[in-house]
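Worksheet: one structure, shown below.
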Amino acid sequence: MENLSEQTTATAAQLDTATFAAGCFWCVEAVFQQLDGVQLVVSGYMGGHVKNPTYEQVCSGLTGHAEACQIIYDPKKVSYETLLEAFWQSHDPTTLNRQGNDVGTQYRSAIFYHNEKQHQLATEYKTKLNKSGAWDKPIVTEISPASVFYKAEDYHQNYYNLNTRQGYCQFVIRPKVDKFRKVFKDKLKQQ
């Protein structure tokens with residue numbers, strides 16, 4: 001029988017990583033936590049030029065980082081294509097540096113790919129969506145190679161689940177989660 005450490009290593013080796021920015025990372029995290037096959041969602045910062053940025057620095061818009069979520073998932077249970085579908089469905093990819101009332105480069109729409117297959121799939125999906133006319137305006141989502149991911153401060157992690165009574169959670173995040181649950185009802189974790 002394998003010891004626990006070997007089991008954990010074997011399991012971790014079977015997981016993959018996706019990184020998306022789609023506005024406030026609290027919203028992105030809350031949506032992706034719903035999907036079956038998603039093991040962990042970590043809020044953080046990617047795509048900037050300052051090492052170990054703080055939330056305040058990122059919010060200044062001067063670091064170049066986007067609020068992003070790193071999604072650790074089991075590709076045997078949920079495909080990267082499904083994660084892309086969830087990404088496109090969960091925000092407005094046509095607004096430059098903005099999602100709702102959140103404005104600034106840190107709220108940009110971005111896919112940070114971890115390998116060439118992710119790059120190819122993201123680019124193809126974006127092209128198909130633009131050609132389909134799914135949105136009235138062109139998609140402005142950035143597709144860039146993943147760079148250093150900086151985990152956000154602890155109080156940003158699992159934010160929606162820990163703060164459901166907070167105003168932002170009630171009026172901004174909850175409607176997104178409710179809509180997402182309707183659209184992806186057959187791909188959600190069983191509760």
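For the reader, a short list of remarks on this structure follows.
- Look at region 114-128: where a residue is within 13 Å of T141 (Cα to Cα) and a partner is open to solvent by 60 Å² or more (accessible area, probe 1.4 Å) and assigned to a helix (DSSP H, G or I), sitting 6+ places away or on another chain with Cβ atoms under 9 Å, you get Y125/E81.
- Scanning region 96-126 for residues that are among the β-branched types (V, I, T) and at pLDDT below 95 turns up V103, T105.
- Summed over region 27-52, the residues that are farther than 14 Å from A110 by Cα and part of a helix (DSSP H, G or I) give a count of 5.
- Counted residues, region 113-138 - those being open to solvent by 70 Å² or more (accessible area, probe 1.4 Å) and under 12 Å from L84 (Cβ atoms): 4
- Look at (1) open to solvent by 30 Å² or more (accessible area, probe 1.4 Å); (2) within 23 Å of V42 (Cβ to Cβ); (3) of a type outside the set (K, R); (4) out of contact with any strand residue (DSSP E or B) (no Cβ under 9 Å at 6 or more places or on another chain) and you find that I173 fails only one, number (1).
- Scanning region 53-81 for residues being part of a helix (DSSP H, G or I) and open to solvent by less than 20 Å² (accessible area, probe 1.4 Å) gives a total of 2.
- Members of region 155-183 that are more than 12 Å from A30 (Cα to Cα) and either touching a Ser or Thr at 6+ places or on another chain (Cβ under 7 Å) or of a type in the set (F, W, Y) (or both): Y155, Y168, F171
- Of all residues in region 65-84, one or more are in contact with a strand residue (DSSP E or B) (Cβ under 6 Å, 6 or more places away or on another chain), touching a residue at least 24 places away in the same chain (Cβ under 8 Å) and closer than 19 Å to A134 by Cβ.
- Tally, over region 140-170, of residues that are in a loop (DSSP other than H, G, I, E, B), among the charged types (D, E, K, R) and either open to solvent by 80 Å² or more (accessible area, probe 1.4 Å) or closer than 30 Å to T123 by Cα (or both): 1
The values are calculated or read from the model by the stated rules, or taken from the named source; none is laboratory data. These figures come from a predicted structure and were not determined experimentally. Ideal geometry is used to build each Cβ from the backbone, glycine not excepted, and the neighbour counts take in all protein chains shown. Surface accessibility is based on the protein's heavy atoms, side chains included, excluding ligands, DNA and RNA. Shrake-Rupley method; radii C 1.70, N 1.55, O 1.52, S 1.80 Å.
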